[in-house]
Ligand SMILES: [Zn+2]
């Protein structure tokens with residue numbers, strides 16, 4: 001087992017740079033105004049290459065979730081969860097739910113963005129249940 005490694009490209013470097021300051025910015029198309037994730041060279045709706053990096057609210061709802069019971073990387077010991085979250089701006093992100101966990105199904109639960117410090121990656125985006133007072137950054 002090893003530590004997880006970020007795979008960064010020229011398209012998502014700007015996003016990772018703003019994450020370091022605790023802000024999630026995504027590409028917003030200058031033509032149709034849709035947000036896109038993962039970052040890429042053109043809009044998935046209208047194919048325009050023009051975009052700006054805009055902060056997103058960080059609010060969304062859980063679309064799906066899973067708990068892994070096998071450790072793949074030492075920095076993600078089992079059990080750990082992975083959630084797919086639809087942001088209110090439209091894109092879906094995949095991350096981890098931190099803090100309190102819902103009873104029963106997690107699908108449809110409202111979440112908000114928070115950040116945790118990762119030993120290799122600096123600040124990384126996570127989500128917490130809306131209203132959970134879980135700390136934003138663990139030092
Ligand atoms: Zn577009």
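The values are calculated or read from the model by the stated rules, or taken from the named source; none is laboratory data. These figures come from a predicted structure and were not determined experimentally. Neighbour counts run over all protein chains shown; Cβ positions are idealised from the backbone, glycine included.
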Exercise for the section: Restricting attention to strands (runs of 3 or more DSSP E) lying wholly within segment 1-81, give those where 1 or more residues are loosely packed, with under 14 Cβ neighbours inside 10 Å and at pLDDT 95 or above. Expected result: 51-55, 59-68
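State the number of residues belonging to segment 64-113 that are under 21 Å from residue 28 (Cα atoms) and either without any contact (Cβ under 8 Å) to a residue 24 or more places away in the chain or touching a helix residue (DSSP H, G or I) at 6+ places or on another chain (Cβ under 6 Å) (or both).
Let us first name the residues in segment 64-113 that are under 21 Å from residue 28 (Cα atoms), namely 84-95, 112-113.
If we keep only those that are either without any contact (Cβ under 8 Å) to a residue 24 or more places away in the chain or touching a helix residue (DSSP H, G or I) at 6+ places or on another chain (Cβ under 6 Å) (or both) too, we end up with 84, 94.
Qualifying residue count, segment 64-113: 2.
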Fill in the blank from the handout: Exception for residue 60 within (1) within 15 Å of the ligand (Cβ to nearest atom); (2) under 19 Å from residue 98 (Cα atoms) falls at (1)
Exercise for the section: Read through the list (1) within 29 Å of residue 3 (Cα to Cα); (2) within 16 Å of the ligand (Cβ to nearest atom), then give the number of the only condition that residue 34 fails. Expected result: (1)
Exercise for the section: Give the residue that is modelled with the lowest pLDDT, with candidates limited to residues of segment 114-131 that are crowded, with 16+ Cβ neighbours inside 10 Å and farther than 19 Å from residue 55 by Cβ. Expected result: 121
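Of all residues being in a loop (DSSP other than H, G, I, E, B) and closer than 19 Å to residue 77 by Cβ in segment 88-124, which is nearest to the chain's Cα centre (by Cα)? Just the residue, please.
Here the answer is 96.
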